[in-house]
Amino acid sequence: MVTDSGAPGGARGLRFLNRPRGLAVEADGAGEPRAIAWQGRFRRVTAIHDRWRIDDEWWREEISRVYFEVELEGGRRLTVFHDLVAGGWFLQPYRPPTTTGEPPGGAARRR
């Protein structure tokens, strides 16, 4: 039998993994990111490797987001999203797995 430690239950001490962070983005008229503030300065988006949209949980707290996997000048890849409900852009710490060596979604659209 396990004895009761007497410690209160709960989630104290836990932290979220992959929690989105606010991000400054310059977007074009179609809503695609053209430049992203990264490490203290705006960096040009050189390619969009993937784009997808999530619309979910309209019956509770609506989620409507457009995600982009982008490549910045210098080769850094980021996953960012535009929150269509609350507004604003966010960095989503996420890197989808690849099995073919090709970026997710196939060939990138170069700018």
Which of the following residues is in contact (Cβ under 8 Å) with a residue 24 or more places away in the chain, small (G, A, S) and assigned to a strand (DSSP E or B): G31, G22? G22
Looking at the stretch 79-99, I want the residues that are at pLDDT 85 or above and have a partner that is assigned to a loop (DSSP other than H, G, I, E, B) and surrounded by fewer than 18 Cβ atoms within 10 Å (Cβ to Cβ) with Cβ atoms under 6 Å, at least 6 apart or on another chain. Which pairs are those? T79/Y94; V85/E62
Considering only residues that are under 13 Å from I36 (Cα atoms) and of a type in the set (D, E, K, R), which ones fall in the stretch 47-90? E69, E71, E73, R76, R77
Mind counting the residues in the stretch 34-54 that are over 15 Å from W89 (Cβ atoms), over 15 Å from the mean Cα position of the chain (by Cα) and in a strand (DSSP E or B)? 4
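The values are calculated or read from the model by the stated rules, or taken from the named source; none is laboratory data. On a predicted model such as this, the values are computed, not experimentally measured, just so you know. All Cβ positions, even for glycine, are placed from backbone atoms using ideal geometry, and neighbour counts span all protein chains on display.
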